[in-house]
Amino acid sequence: MRLFNALAFLPLLVLLTASPVCAGVTFGPSEPEGEPLRRQEWRVPSPDTDIAARALLFRPAGAGPFRLAVIAHASTQNVLRRAQMPQPEYRALAGFLVARGFAVLVPERLGHGATGGRYAEDQGGCDEADYARAGRATAEEISLALDYLRKQDFIRKDAAVVIGHSAGGWGALALANGDPKEISAIIAFAPGRGGHANDEPNKICAPHTLLGAATEFGKAARIPVTSLVAANDSYFAPAFSKALADAFRSAGGKDDLRTLPAIGSEGHWMIETEAGVKAAGSELARALNLLAPGATKKR
């Protein structure tokens, strides 16, 4: 019976990981603007030239040009959960950014939801976890989407920001080796990989390997990072997040870690909620250099 169940699952697995069949790949808006926040579906480049990654774009009123903020979503090693993932939106965070003059892109990476395709960020199992490679793969996908949007007339060519969540935050750390003129700041909410190992809270798969990869990212880092973690994050608790930031800094990177109050029942998902964005608001404004003159000097 177990063999039969495994064989029955194979066709579904093939469908979940196969590239969509298409005559050609086109990028840009795929539907008219809507509400709220001029919400619009877009297609952006991915590392697979046969697949256009799905994305949501939000922006202020007017023609711009606007500063660009790219939000990199969380992920999971579980293939079924990835396939069932709804289009990432982060609407409360997008609203915060749009109100402050940013155009906001939320791309869906390969191997997730409706974008489909091969999961390029696979870290492997605990024994052979390659967190550095996984982070660089995420960074590549973020960079492709960001570079495409920077070519649009309504987007400024400089001072973009990347905001990553969990695995997306880990990819943002890997992107810290970019040009500070093009990306002015990186904000990482509970960055990392391998949290909730075997679905167990406060257990991380190969934590020393993760710390080693953070050190590797820090060696090449040129863009300042702000890491934010909630007090009740059971994926990457504040103590471990501090160790991760210390590892990044020990190699030369800049990472200003801030611990936020406990939010909801699981702080790891705070940035997906209005309450979480409100709690993080002052730290977001500080990291984006949006506070009044002199305010950023207060500690």
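The values are calculated or read from the model by the stated rules, or taken from the named source; none is laboratory data. Keep in mind that this is a model prediction, so the values were computed, not measured. Cβ sites come from the backbone with ideal geometry, for glycine too, and all protein chains shown count toward neighbours. We work out accessible area using only protein heavy atoms, side chains counted, and drop any ligands, DNA or RNA first. Shrake-Rupley method; radii C 1.70, N 1.55, O 1.52, S 1.80 Å.
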Quick check: pseudo-label points 7 Å beyond the Cα along Cα→Cβ at Gln87 and Lys181, how many nm apart are they?
3.5
Where labels lie 7 Å past Cα in the beta-carbon direction, separation of Ala231 and Ala114 in nm:
4.0
Of the listed peptides 68-77, 262-271, 130-139, what is their order by residue-averaged count of other C-beta atoms within 10 Å, with the highest listed first?
68-77, 130-139, 262-271
Evaluate E = 1/(1 + (r/R0)^6) for Thr26 and Ala239, where r is the Cβ-Cβ distance and R0 equals 45 Å; express this FRET efficiency to the nearest 0.05.
0.45
Note to self: C-alpha centroids of the stretch 235-266 and the stretch 93-168 sit apart, in Å, by 20
Per-selection Kirkwood Rh - the stretch 41-174 (Cα, Å, 1 d.p.)
15.0
Between Arg133 and Ser282, what FRET efficiency follows from the Cβ-Cβ distance if R0 is 41 Å, with the result rounded to 0.05?
0.70
Please work out which option in [x] 139; [y] 161; [z] 125 gives volume of the Cα convex hull per residue in Å³ calculated from these coordinates, and answer with its label.
[x]
Report the relative contact order of the chain, percent, no decimals, based on alpha-carbon pairs under 8 angstrom and at least 6 residues apart.
14
Taking the Cβ of Leu284 as the centre, find all other residues whose Cβ is under 12 Å away and add up their charges (Lys, Arg: +1; Asp, Glu: -1).
+3
Burial order of peptide ranges 102-110, 282-290, 169-177 (average beta-carbon count within 10 Å, highest first):
169-177, 102-110, 282-290
Taking all protein chains as present, what is the carbon and sulfur share of the accessible area of the chain, in % to the nearest whole number, probe 1.4 Å?
55
Placing unit charges on C-beta atoms (Lys and Arg positive, Asp and Glu negative, everything else neutral), compute the dipole magnitude of the chain about its Cα centre in debye, rounded to 20.
900
Before I look further, what does the chain give for accessible area per residue, probe 1.4 Å, in whole square angstrom?
45
